[in-house]
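Below you'll find the structure, written out as structure tokens, and then a few comments.
Each value in this text was obtained by applying a stated rule to the coordinates, not by laboratory testing. Keep in mind that what you see is a predicted model, and the values were worked out from it rather than measured. FYI the Cβ positions are ideal-geometry reconstructions off the backbone, even for glycines, and counts take in every protein chain you see.
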Amino acid sequence: MVRGKTIILGITGGIAAYKAATLCSKLVQAGADVHVIMTNSAAQFITPLTLQTLSRNPVYIDTFDERNPAVVSHIDLADRADLIVIAPATANILAKMAGGHGDDMLSTTLLAASCPIMVAPAMNVHMYEHPAVVSNIELLASRGVMFIEPGTGQLACGYVAKGRLAEPEDIAAAIYSWFAGSGKLKGKRVVVTAGGTIERLDPVRYLTNDSSGKMGFAIAEAALLMGADVTVIAGRTNVQAPSGVKLVRVESAEQMLQAATAAFDDADIVVKAAAVADYRPAAASERKLKKTGERLILELERTTDILQTLGQRKKRQFLVGFAAETEQVEHYAMDKLQRKRCDLIVANDVSMEGAGFNGDTNIIAVYGAEGKVAELPLMSKREAASRLLGIIAERMDRGGGSQ
């Protein structure tokens, strides 16, 4: 997908700069013409010679180090680039981009660029959550900058939290996906539900499930990379939503039903990846329930089936449901697809290692009216989401959802 494409790889000064070497190597091996621009701080973590060897092109650091008198380097690179990728992106470069500052080779090239820009932030969790950084990311996303969300894990500072650079494989997959699907969903309105719902027993207790929201958010991110206008309706999640989406927060199944039906009529594609409670307490207590005996019997009632409700209302929308199963996956997936008038069902056996809730990977099978459409082995949820959106886009080209 990137063969013959010119990609500028911007590397800024964080410990994750060493991962840029792997990313650079992957892009070159895939056939891209990679030009690396490093900040002075980045050169403290990884040598320019390393990136020069891997990219097979000179590495730029100093704006005034003009090597070809026929061109101005930062303008020439900006004009030739098909895509600019900044990985890792520090809080500093995000602030420069948001404010329009150009005081080094990378920031001046960014100011001169008219091509798409993809950013993979990496920093301490408190820096990432600082209001100024959050504001800068939101501003850049509103201008069309694409973001590859950082992962959660061990940070160099010692914290175990969100802020570590996405793995080079995931960044490369996002780049391939963008080149493959760039603009395929442009102008399309995509609604994604994500996370788990909460059904209150009383003000301090509730029923929920293990959904983290990672798969739903990965789908939303993939849709953004393909040019869609994305709304995410999210219940309880363990991770932040991707930058650039319209986020609607809900708690209960009833609230998610109301939000989903409100957004449905204007949607082109709806992907219902949320894990919604099938039952809720028949009566929630307004006060904390006190211990009154050795046993507590709860009376539960059915919640409204959101996917089925949307299927009944469907006109032109392309509707995708999820089925998390532990047995007879294909049987239940096809039954769900037909009963709920879906165009696709994404099914997985959550009892399999690497395919359950909370993890960063998934193993899925995609079913359409004709049966199994695709089977995706163990892979990151980001890559699985990109593959799924590719299937959806292809089917949309054939005429959209079924009536």
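Some observations on this one:
- Working note: Karplus 6.51/-1.76/1.60 with θ = phi - 60° gives region 218-229 the couplings 5, 5, 4, 5, 5, 5, 4, 5, 9, x, 7, 8 Hz, where Gly and Pro are set to x.
- Straight-line reach from K372: taking Cα to Cα under 17 Å and skipping same-chain neighbours fewer than 8 places apart, the aspartates and glutamates in range are E325, E327, E330, D335, D343, D349, E394.
- Dividing the mean sequence gap of close Cα pairs (under 8 Å, 6+ apart) by how many residues region 268-403 holds gives a relative contact order of 20 percent.
- Listed residue pairs exceeding 28 Å between alpha carbons, taken from K246/K340; K288/K340; K96/K381; K162/K188: K288/K340; K96/K381; K162/K188
- Protection-proxy order for peptides 302-309, 37-44, each taking the mean of Cβ atoms within 10 Å per residue, highest first: 37-44, 302-309
- Rounded Å value of the spacing that divides the Cα centres of region 354-403 and region 233-274: 19
- Integer Hz, Karplus 6.51/-1.76/1.60 couplings in order for region 292-301, x for Gly and Pro: 10, x, 6, 10, 10, 9, 9, 9, 10, 10
- Ordering 171-178, 288-295, 238-245 by mean Cβ neighbour count within 10 Å, with the highest value first, yields 171-178, 238-245, 288-295.
- Karplus 3J(HN,Hα) series, Hz, for region 130-145 with 6.51 cos²θ - 1.76 cosθ + 1.60 (x for Gly, Pro): 4, x, 5, 5, 4, 5, 5, 5, 4, 5, 5, 4, 5, 8, x, 5
- Percentage relative contact order, the chain, counting C-alpha pairs under 8 Å, at least six apart: 11
- Taking all Cα pairs closer than 8 Å and separated by 6 or more residues, the relative contact order of region 6-181 comes to 22 percent.
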